[in-house]
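Reviewing the structure listed below.
The values are calculated or read from the model by the stated rules, or taken from the named source; none is laboratory data. Keep in mind the model is a prediction, meaning the values are calculated, not measured. As a convention, Cβ positions derive from the backbone with ideal geometry for all residues, glycine included, and neighbour counts pool all protein chains shown. We work out accessible area using only protein heavy atoms, side chains counted, and drop any ligands, DNA or RNA first. Shrake-Rupley method; radii C 1.70, N 1.55, O 1.52, S 1.80 Å.
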Amino acid sequence: TSTFRDTHCLVGVVPCWGLSQKLSRLVGPGRARMASLTASKIRAEQALAWGLLAELVTEPEKASVLNRATELAKTAAGFANQAVLA
């Protein structure tokens, strides 16, 4: 199972590069604060419900995840470079 975790407080580093602002916009200030200040793990299902993930591949086999990633990459590769890079 995959998890997401903001580890700034675990390693004693000040949040930077915009994670705290982006996280707050995506999941709301309360959830973002809880995740940042407690370094609690957010399960994949919870991250999907909060809008941190676009989709979740539920099949536990590694091949299924790689197959889905390949499908998405092939779809993106079929578009004009300028559209994909924007």
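Details
- Residue under evaluation residue 46, criteria (1) part of a loop (DSSP other than H, G, I, E, B); (2) out of contact with any strand residue (DSSP E or B) (no Cβ under 7 Å at 6 or more places or on another chain); (3) surrounded by 12 or more Cβ atoms within 10 Å (Cβ to Cβ), criterion not met: (1)
- Of all residues making up the stretch 9-32, the number that are at pLDDT 85 or above, part of a helix (DSSP H, G or I) and not charged (D, E, K, R): 11
- Whether a residue is surrounded by fewer than 12 Cβ atoms within 10 Å (Cβ to Cβ), over 13 Å from residue 2 (Cβ atoms) and of a type in the set (S, T, N, Q) was assessed, and residue 70 passes this test.
- Looking only at the stretch 54-71, residues that are in contact with an Asp or Glu (Cβ under 9 Å, 6 or more places away or on another chain) and closer than 30 Å to residue 15 by Cβ come to 2 in all.
- Selection count, the stretch 8-38, where residues are in contact with a helix residue (DSSP H, G or I) (Cβ under 8 Å, 6 or more places away or on another chain), open to solvent by 80 Å² or more (accessible area, probe 1.4 Å) and within 16 Å of residue 53 (Cβ to Cβ): 2
- Looking only at the stretch 49-67, and only at residues there that are loosely packed, with under 10 Cβ neighbours inside 10 Å and in a helix (DSSP H, G or I), the one that is modelled with the lowest pLDDT: 62
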